[in-house]
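The values are calculated or read from the model by the stated rules, or taken from the named source; none is laboratory data. In this text, all values refer to a predicted model and were calculated from it rather than measured experimentally. Backbone-built Cβ (ideal geometry, glycine too); neighbour counts: all protein chains shown.
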Amino acid sequence: MDRCVVLVDAGYLLGAAASLLAGEPSRSRITVDHAAIVQGLRERAERETGRPLLRIYWFDGAPDRVPQPEHRRLRVMPRVTVRLGALTRSDGRWAQKGVDAAMHAELSELARNRACSDVVLVTGDGDLLPGMMSAKEHGVAVHLWAVQAADGDYNQSEDLVAEADERRVLDREWITRAMQAREAPGICAPPSPRPEIAAILSAPLPESALPAEPAKPSASTTAAAEAAKAANGQEAAPGTGATAGKPGVPTPKDLAGLSRGVATAQPDRHGPAAATLRWSSEKGWIERAAASEAADAGLPTLAQLTTAEQRWADREEDITTVSGDPFEVGQVFARRWIDRLIDRSLLQQLSGEYPRVPHRIDGELLRYAARFGLLAHKDDQIDEHDRYAIRAGFWREVDARQVAENSTAGE
């Protein structure tokens, strides 16, 4: 068939581009316009092969082969097929598994079935050499594309270069049409002392949390006192508290108990007598009011507002149009919740909770985000950046809709 096919090793393309633009191969150091990449690959492949494009195959790795937001954006684009291998962590570094084998199998199958006359390979891995040779034996012309190397040397296997029928280089000018280097993050200033948090940490543990032996102080109590000294700018005693290791750090349960005893812990010195633990948000620490649980109960969840037909339509939209970007996920969830709300006064009630997303709705929002592969464990820790982005998108949509409704009511 007189058509061309493009096979892209995303790890090579984006990693080499990051090296070229940002000086290191970490893909997190660049921003990528995937639509521009696809369009650029299609136009260049058709121009250089003289054949219409059949399809672009995008090979990449993902944790547990769960599509990430970029994969969801790509797989719904015309003439694009995404193939995912595993992404595993070894010796502190992420490595793709199964991507080369998938590219080899696809290349061999396309050539054997005579599905195309020309294949464009965007890769540098010498493991594809047998597949390239097999494709040539079936009469397929193989075009090998490289990314301009940051150090002026080859970033491809020399055997691949020697075996290819044609070779081209995607230079810096071509790369920068779709990718840009991110600015290096700055160094955060050390946090200022927080007297109200120090008051919580310095209070004694409740009786239920004290050890059975009254003469022996608990590790949590020691850590709490040392943390309070550190928050007030005092030096911690060597070998005690937080400096003694993780076993001395008070647990959230310990701190929750501490907050109940703060009222008696020198209110004049430590600030408000009724200091409480606070909820974190993108705008700092927000106190949780005592009546917040009752207020939350009056707000319906999205599931309660959604019919079976709407649930099917939501799933269809999630698969075909929602990319899975954390900020976008929060916006989509909020839009659906607001659109299906019958009692519009509840929107005002929700806005009054800002920036704390009510507990029941927040849990549903995060479960919805999990569909897109967000909130996955990265480096053995839950990605808090995604959580903040999801909630920020949620509040951005709520704020925009609240402003629109107020404007309408005022006319």
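Test of understanding: among Ala101, Ala135, Ala111, which residue is in a helix (DSSP H, G or I), under 28 Å from Asp171 (Cβ atoms) and small (Gly, Ala, Ser)?
Checking each option against the conditions leaves just Ala135.
Out of (1) crowded, with 20+ Cβ neighbours inside 10 Å; (2) in a helix (DSSP H, G or I); (3) modelled with pLDDT of 85 or more, what's the single condition that is false for Tyr388?
(1) is the only condition that Tyr388 fails.
Confirm whether Ala45 is surrounded by fewer than 14 Cβ atoms within 10 Å (Cβ to Cβ), in contact with a Lys or Arg (Cβ under 9 Å, 6 or more places away or on another chain) and part of a helix (DSSP H, G or I).
In short, no.
Among the residues in the stretch 51-71, are any more than 28 Å from Ala370 (Cβ to Cβ) and touching a residue at least 60 places away in the same chain (Cβ under 8 Å)?
yes
Which one of these is assigned to a loop (DSSP other than H, G, I, E, B), of a type in the set (A, V, I, L, M, F, W, C) and at pLDDT below 95: Ala223, Ala212, Ala198, Ala146?
Going through Ala223, Ala212, Ala198, Ala146 in turn, the sole match is Ala212.
Taking the residues in the stretch 3-41 that are of a type outside the set (Gly, Ala, Ser) and without any contact (Cβ under 8 Å) to a residue 12 or more places away in the chain as candidates, determine which candidate is surrounded by the fewest Cβ atoms within 10 Å (Cβ to Cβ).
Within the stretch 3-41, the match that is surrounded by the fewest Cβ atoms within 10 Å (Cβ to Cβ) is Glu24.
Please go through the stretch 279-335 and give me each residue that is in a loop (DSSP other than H, G, I, E, B) and modelled with pLDDT under 65, ordered by number.
Glu282, Lys283, Arg288, Ala289, Ala290, Ala291
Among the residues of the stretch 60-75, which ones are among the aliphatic types (A, V, I, L, M) and at pLDDT 90 or above? Lay out the reasoning, then the answer.
To start, the set of residues in the stretch 60-75 that are among the aliphatic types (A, V, I, L, M) comprises 62, 66, 74.
Scanning the stretch 60-75 gives a single hit, Leu74.
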